[in-house]
Amino acid sequence: MTGATPAGMAEALDEAARARRPIPPLTDTAPLGVDDAYGVQRMTLERRRARGETVVGVKMGFTSRAKMAQMGVDDLIWGRLTDAMAVEDGGVLDTGGLIHPRIEPEIAFLLGRPLSGRMSPFRAARSVSAVAVAYEVLDSRYQDFRFTLPDVIADNASAAAFGIGPWHDPVDVGNLGLLLEIDGRTAETGSTAAVLGHPYRSLAAAARLAEAAGMELEPGWIVLAGAATTAVPLPRGAHVRVTSAGLGRVEVTTR
Ligand code: OOG
Ligand code: MG
């Protein structure tokens, strides 16, 4: 059903998202390694580009132990963000087109300079022009949110939507409290320190992955550093708020 070629896999994932019909993990029926999975991810992005979407950044995944444990994987990954995934702060997200959305609190970086290569987190941080509190909405195109590492890589790291709070001049984001509230009730609390010990390590990892992919992260791009807590189901008709000490908050209403 999914087709064993990379292009067939990309089509199956893209169609699953568009038709809102989840598929079994690709690795249930075909061998798929990490490198080939990134090839499939690139092809799903080509399909989005062909529909007029523009890449506006990248998202890091599984940068916290909480997330690795939740999803049963053991390495960090990345995916691409497009303009069509962005939700304005305080805006409305229609979850009707999503399969089984989840939301998680994150920190976002805005790049002021190109970034690629192997470097210390400290050096990577020098490319950052602003930081913000953010959320990510995940929506696996796989049934029951079940996948192996190559599966989720191919599926663009479950990326579905994201929102960014007000940008701030770079501050030390090494240990900021994060609060995720749904309809005024606490859903998750955590610290940015859960992201690889410091979110700038996630940024350095993004720079390394960019080099490995033969590309540069571009000025103006957003980097989502990865969730500090587990992701929680995102219901319809909900008001969600993510607050971070020092960075303010970002809000979204779902319908
Ligand atoms: C994959 C995406 C993980 C994060 O912040 O760790 C991620 C998933 O959990 O479905 O975005
Ligand atoms: Mg995330």
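Just a few scattered comments:
- Shape metrics for segment 54-254, restricted to C-alpha atoms - Rg then Dmax, Å: 15.2, 44
- Dipole magnitude of the chain about its Cα centre (Cβ charges: Lys, Arg +1; Asp, Glu -1), debye to nearest 20: 140
- Restricting attention to the chain, close to 85% of DSSP beta bridges with both partner residues there are antiparallel.
- With a 1.4 Å probe rolled over the protein heavy atoms of all chains, the accessible area of Tyr142, Tyr200 falls in the order Tyr200, Tyr142, largest first.
- When shorter helices are ignored and each DSSP H run of at least 4 residues is given -39500 (n - 2.57), the per-residue value for the chain at 222 nm works out to -7500 deg cm²/dmol.
- Average accessible surface area per residue within the chain, 1.4 Å rolling probe, Å²: 41
- Student exercise, segment 1-126 dipole from Lys, Arg, Asp, Glu Cβ charges, in Debye to nearest 20: 380
- Between the listed residues Leu13, Pro31, Ala69, the Cα displaced farthest toward the positive end of the dipole of the chain, a dipole computed from Cβ unit charges relative to the Cα centre, is found at Ala69.
- The residue list Ser129, Val250, Thr186 was ranked by how far each Cα lies along the charge dipole of the chain toward its positive end, using unit charges on Cβ atoms, and Ser129 comes out on top.
- Kirkwood estimate for segment 1-151, i.e. one over the average of 1/r between Cα atoms, Å: 17.0
- Heavy-atom accessible surface of segment 54-254: percent carbon and sulfur, 1.4 Å: 49
- FRET efficiency estimate (nearest 0.05) - Cβ-Cβ, Arg18 to Ala212, R0 30 angstrom: 0.55
- Positive end of the dipole of segment 108-255 (Cβ unit charges, origin at the Cα centre): among Met119, Ala212, Thr230, the Cα lying farthest that way belongs to Met119.
- Charges were assigned to the Cβ only: +1 to each Lys and Arg, -1 to each Asp and Glu. The resulting dipole of segment 112-255 about its Cα centre is roughly 180 debye.
The values are calculated or read from the model by the stated rules, or taken from the named source; none is laboratory data. Just so it is clear, the structure is predicted and the values come from calculations on it, not from any experiment. Heads up, the Cβs are rebuilt from the backbone with ideal geometry, glycines too, and the neighbour counts pull from every protein chain shown. Please note that ligands, DNA and RNA were not included when accessible areas were found on the heavy atoms of the full protein model with its side chains. Shrake-Rupley method; radii C 1.70, N 1.55, O 1.52, S 1.80 Å.
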